[in-house]
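The values are calculated or read from the model by the stated rules, or taken from the named source; none is laboratory data. These numbers come from a predicted model, not from an experiment. Note that each Cβ is placed from the backbone with ideal geometry, even for glycine, and that neighbours are counted across all protein chains shown. To get the accessible areas, we keep the full protein, side chains included, count just its heavy atoms, and leave off ligands, DNA and RNA. Shrake-Rupley method; radii C 1.70, N 1.55, O 1.52, S 1.80 Å.
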Amino acid sequence: MLMARYTLPDTPIAAATADIGHVAVDLALTLRGAVVVTPADGPTDELAVLDRISEGMFISGLGTDAPSITCPASHRFAQRGTTYLKPATMVFHGDCAIDFNHDGAIATGTFGYELAVMVTPHNGEPVHVSSSEQWFTCNGGTLASIGAIVLIGQRLSALD
């Protein structure tokens, strides 16, 4: 059985913006690595299998230092750390593994992931902080009010 290996683009595969009155919250999820698609015995739409990777990413727990990322294809995310990027972005990063079946084809892979969360006030500049802890202190309550958000996935088959 032939397998096909696809390298994911080094750009966000899913993103969303939430406007919650006084701030805009932008989220972007990037996966880095390759996926292997093992086709079914019959005809397989490998591009449709790739598109499932970015479908329905659900983010909850944004007000915490370890938000939860889930999706219908049962990706497994394990956060390894956070990185604060001035002036207003926290990047949660770690590993992601996939192993799912779509119309008989199997997709597998292990990736690095980054979930970038940027908080931008509507009236003024972002609050300048110097550490991850200060960022969570300034933004944790605001982010907690979102509850959860579904990211809009990019069609991976359409990306270069």
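Observations, loosely collected:
- Separation of segment 1-62 and segment 71-85, taken as the distance between their Cα centroids, equals 12 angstrom.
- In the chain, helical runs assigned H by DSSP with n ≥ 4 each contribute -39500 (n - 2.57); averaged across all residues and rounded to the nearest 500, the mean residue ellipticity at 222 nm is -3500 deg cm²/dmol.
- Rounded tilt (10° steps) of 132-144 against the dominant C-alpha axis of the chain: 80
- Accessible surface area normalised per residue over segment 1-105 is 47 Å², counting heavy atoms of protein chains with a 1.4 Å rolling probe.
- In terms of packing, defined here as the mean over residues of other Cβ atoms within 10 angstrom, the peptides 93-99, 78-84 line up highest first as 93-99, 78-84.
- Sorting the segments 54-60, 146-152, 127-133 by their mean number of nearby beta carbons within 10 angstrom, highest to lowest, gives 54-60, 146-152, 127-133.
- Model label zone, H122; criterion: amide N under 16 Å from point 7 Å along Cα-to-beta-carbon; scope segment 6-39: 17-26
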